[in-house]
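The values are calculated or read from the model by the stated rules, or taken from the named source; none is laboratory data. What you are looking at is a predicted structure, and each value in this text was computed from that prediction instead of being measured. Here the Cβ positions follow ideal geometry from the backbone for every residue, glycine too, while neighbour counts run over all protein chains shown.
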Amino acid sequence: METYLPSPHSLPVVDALRRWCVGGSWCLGLGAHVCTGSLLVADWRGLAPVAWLGPFRGVGINTRELRFSRAMVFAIEEINNSTELLPGIRLGYQIYDSCSSVPVAVHVAFQLLNSLDTVFYTGGNCSQSGMVMTIVGESGSTPSISMSRILGSFNIPQVSHYATCACLSDKQQYPNFFRTIPSDRFQAEALAKLVKHFGWTWIGAVRSDSDYGNSGMASFLEAAQKEGICVEYSVSFYRTHPHSRIQEVADVIRRSTAVVIVAFVASGDMKILLEELSHEPSPPRQWIGSESWVTDSEFRRFNFCAGAIGFGIQKSIIPGLRNFLLNLSPSQVATSSMLTEFWEESFNCPVVDKKICDGTEDIQNLQIPYTDTSQLRVTNMVYKAVYAIAHAIHKTVCHRTNGIAKCDKLTKLESKQILTELKKVNFSQNGYDVSFNSNGDPVAIYELVNWQKSETGKIDLVTVGLYDASLPMGQEFQINRNITWMEDSTQVPVSVCSDSCPPGTRKVLQKGKPICCYDCILCPEGETSNTTDSADCLPCHKEFWPNAKRDTCIPKPVEFLSFQDILGIILAAFSVLGACLAIITVAIFFHHRTSPIVRANNSELSFLLLISLTLCFLCSLTFIGAPSEWSCMLRHTAFGITFVLCISCVLGKTIVVLMAFKATLPGSNVMKWFGPPQQRMTVVFFTFIQVLICTIWLVLSPPFPIKNLSTYKEKIILECALGSAVGFWAVLGYIGLLAAFCFVLAVLARKLPDNFNEAKFITFSMLIFCAVWITFIPAYVSSPGKFTVAVEIFAILASSFGLILCIFTPKCFIILFNPEKNTKKYLMNKNPT
């Protein structure tokens, strides 16, 4: 992690050198460096120094980094006072200031390697020269990378407390690098899941133009793309860039439409950006912060960031640290250039001749990051790093005998030994587990922190959730408290390029824009989508159809000509009416069966014709109702046979009329061939042919019920399939052939002289019959659904009514209303006056 802008004139500062030598022939020393933070262990035939390298200076003292280095000193003193860890050996330290500058950090690294600043206590049996063993630091990723490339050649371990770049996990490039803070790869994945969790698909991205920012943002964008998150803009800057570049980044944020901003920015860079935004505030923005700045208490003064959320290292408690930080003696301050500068800047007074101001200054009253121990997060990473190195040294030079730890002070330490033992480190300190995986990384556990305003208006960092990368997939992320969002809202802000597409629609990408920018298009006919933001609509099963909203498939309505339909009721009524009319006519004829008009035109054929007409009317009822296997076979065959029977009777009557007048010619005995037996045989013969056709049709390929799914897309038509179209048209064709033949004969007989010429009425009836069935064919073929059946019923009823009305109505009229004409004399008088 990187901190503050370095002064262009700042130089490495060796702050303090603690000297211990305990009894034996050698002692250990830890050194610490200010701007970066590094811990070094060197071997002076027994004297091993450890150094800290960390960024203190920039624009003033970075008191947070000062707290980190002082925490290292605190840990060293704890270890030196321990009887379990390195008993009899005391660690020394050096502190260097790298000022967040890569050249300065590299320069210090070379100094440490060349032992230019290693002047240690020379009393007793301690050596004056030695070699660096271990470094704690740096706080930034870029300086850590540069240092690791140098130190790696000498197998000197480097343990960072704040360098989080995922690139440092590459052991081929950085074999000597370890860290107690998780890699940004885990944080980037956690941030992407956080953004996805709250439904934000349109975000802005800001990063530091450094290894930390560029690598972290690259990991985040990769994870965000997998989660379907789009980025409106991605801008970078660095603290040393011209002010115009900072203004440009701020203007991008102000003009953007994305409400959510993910900032993978080092704390020093973030301070500059937020100060620029504070001059001309942008519209409300929901900040999502990386660990570098979101847990830095100094930024809580920027009230427009209230509601920010982000991931931070777990809060910790280090017993005794607060008292150690606040108990600065005058001698400590006066002898340390770093603490002197800190004191002068904090209390705005000079330290002259080692006299600390006027002596009334109280550090406990200061409200600065150095004194704020309420959020010990990264500080604990420093604490862990020191203890990890101490445990590695302990494993190298110490062993337990009878339960008592004893250390061999004569052992010659080598940095490679410590490097090997660091890989195996696994211990707990103050309840915190410390270990490294094969990449030198710890287990990634983050707290989700939220900037919430208290009742006094002060912004507090509140832990609202947890992310544990060691948990199974899908269970890593948990939120256990309410979150306060921007502008103190309790409602999750909305940050999308396009509003969600409701069920029943699908997304269509807008040309030239990211995938999160789309239009919502209603699903095509026959397709549905039942989820929000569906990319595609799915077709319904063939027996289902979308509802009005097109968000679900419902069963298609089943349609057939039923007795409940108005059309079905009308047709059924006419069918029954026709059958009743035929039965009434039968009754009239039977009652007057001995009358001349009934006997004149073959009463036997008349009765048979009326019975067949009754069956014709009634067979139309078989077409109404849900088709079944039996009804499909019955309706067509019954219709075909009854109609042939009907026309056969009419044909027989027509032939009788013709032959009757032919028989009046001299010498003609034709009537003996057309007597009642021959008439019956004619009807039976013609009807038998139709029965044979129907039988063949039913045996080979009978009609059967089907669900017609093609005529209408939105409903199912229950109808009878013909089975064999040839059989159906053969039945109709045979009826048509008989009807045409009957019509021709009737035309020939229509002008025969008679007071009651039945041939004339047969001609009219056949004319109606043929007209109906000729028009039936195109109407039948073109009628959809249940109307096909209705057309067929109409044709049956129309032709049947034509026959009964044309042939029998005149006779019934004479029988009932003109009985004077129902005499033999009238019928025989061909030319009445």
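Among residues of region 402-418 that are farther than 17 Å from Leu85 by Cα, those with a beta-carbon under 6 Å from a residue that is at pLDDT 85 or above at least six positions away or on a different chain give the pairs Ser415/Asn155; Ser415/Ile156; Lys416/Asn155; Gln417/Thr396.
A single entry from Gly213, Gly268 fulfils the requirement of being under 25 Å from Ile445 (Cα atoms), out of contact with any Gly (no Cβ under 8 Å at 6 or more places or on another chain) and modelled with pLDDT under 95: Gly213. On inspection, Leu737 does not qualify as at pLDDT below 85 and either more than 60 Å from the chain's Cα centre (by Cα) or surrounded by 16 or more Cβ atoms within 10 Å (Cβ to Cβ) (or both).
Taking the criterion of being out of contact with any Lys or Arg (no Cβ under 9 Å at 6 or more places or on another chain) and polar (S, T, N, Q), the residues of region 99-116 that qualify are Ser101, Gln111, Asn114, Ser115.
Could you please give the count of residues in region 693-727 that are surrounded by fewer than 19 Cβ atoms within 10 Å (Cβ to Cβ) and of a type in the set (Phe, Trp, Tyr)? So the answer is 2. I need the full set of residues from region 318-327 which are part of a helix (DSSP H, G or I) and surrounded by fewer than 15 Cβ atoms within 10 Å (Cβ to Cβ), in order please. Answer for region 318-327, where residues must be part of a helix (DSSP H, G or I) and surrounded by fewer than 15 Cβ atoms within 10 Å (Cβ to Cβ): Asn323, Leu326. Selection over region 564-618 of residues that are under 20 Å from Gly652 (Cβ atoms) and outside any helix (DSSP H, G or I) gives a count of 3. Taking every residue in region 564-578 that is on the phi < 0 side of the Ramachandran plot and not assigned by TED's automatic domain parsing to the domain that holds Val791 and pairing it with any residue that is in a helix (DSSP H, G or I) and charged (D, E, K, R), at least 6 positions away or on another chain, yields no pair with a Cβ-Cβ distance below 6 Å. Of note, Ser183 satisfies the criterion of being modelled with pLDDT under 95, touching a Leu at 6+ places or on another chain (Cβ under 8 Å) and crowded, with 24+ Cβ neighbours inside 10 Å.
The rows are residues; the columns are (1) touching a Ser or Thr at 6+ places or on another chain (Cβ under 8 Å); (2) farther than 24 Å from Leu321 by Cα; (3) among the aromatic types (Phe, Trp, Tyr); (4) in a loop (DSSP other than H, G, I, E, B).
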site: Thr379; (1), (2), (3), (4): yes, no, no, no
site: His399; (1), (2), (3), (4): no, yes, no, no
site: Lys406; (1), (2), (3), (4): no, yes, no, no
site: Lys409; (1), (2), (3), (4): yes, yes, no, yes
site: Glu421; (1), (2), (3), (4): yes, yes, no, no
site: Lys424; (1), (2), (3), (4): no, yes, no, yes
site: Gly440; (1), (2), (3), (4): yes, yes, no, yes
site: Val443; (1), (2), (3), (4): yes, yes, no, yes
site: Leu448; (1), (2), (3), (4): yes, yes, no, no
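If you filter region 784-833 down to residues that are modelled with pLDDT under 75 and under 59 Å from the mean Cα position of the chain (by Cα), you find that the one that is surrounded by the most Cβ atoms within 10 Å (Cβ to Cβ) is Gly785.
Answer yes or no as to whether Thr340 is in a helix (DSSP H, G or I) and either free of Cβ contacts under 8 Å to residues at least 40 places away in the same chain or basic (Lys, Arg) (or both). Spelling it out, Thr340 is indeed in a helix (DSSP H, G or I) and either free of Cβ contacts under 8 Å to residues at least 40 places away in the same chain or basic (Lys, Arg) (or both).
Within region 746-758, is even one residue at pLDDT 85 or above and part of a helix (DSSP H, G or I)?
no
Selection within region 522-544: residues that are farther than 30 Å from Ile793 by Cα and touching a residue at least 60 places away in the same chain (Cβ under 8 Å). The member of this set that is surrounded by the fewest Cβ atoms within 10 Å (Cβ to Cβ) is Glu525. Leu274 meets each of the listed conditions (1) more than 28 Å from Val73 (Cβ to Cβ); (2) in contact with a helix residue (DSSP H, G or I) (Cβ under 7 Å, 6 or more places away or on another chain); (3) not in a helix (DSSP H, G or I) apart from (3). Identify the residue in region 684-709 that is in a loop (DSSP other than H, G, I, E, B) and touching a strand residue (DSSP E or B) at 6+ places or on another chain (Cβ under 9 Å) and, among all such residues, is modelled with the lowest pLDDT. Among those residues, the one meeting the criterion is Leu709.
Scanning for something over 30 Å from Val259 (Cα atoms), touching a residue at least 60 places away in the same chain (Cβ under 8 Å) and surrounded by 14 or more Cβ atoms within 10 Å (Cβ to Cβ), does region 310-317 turn up at least one residue? Checking region 310-317: at least one residue is over 30 Å from Val259 (Cα atoms), touching a residue at least 60 places away in the same chain (Cβ under 8 Å) and surrounded by 14 or more Cβ atoms within 10 Å (Cβ to Cβ).
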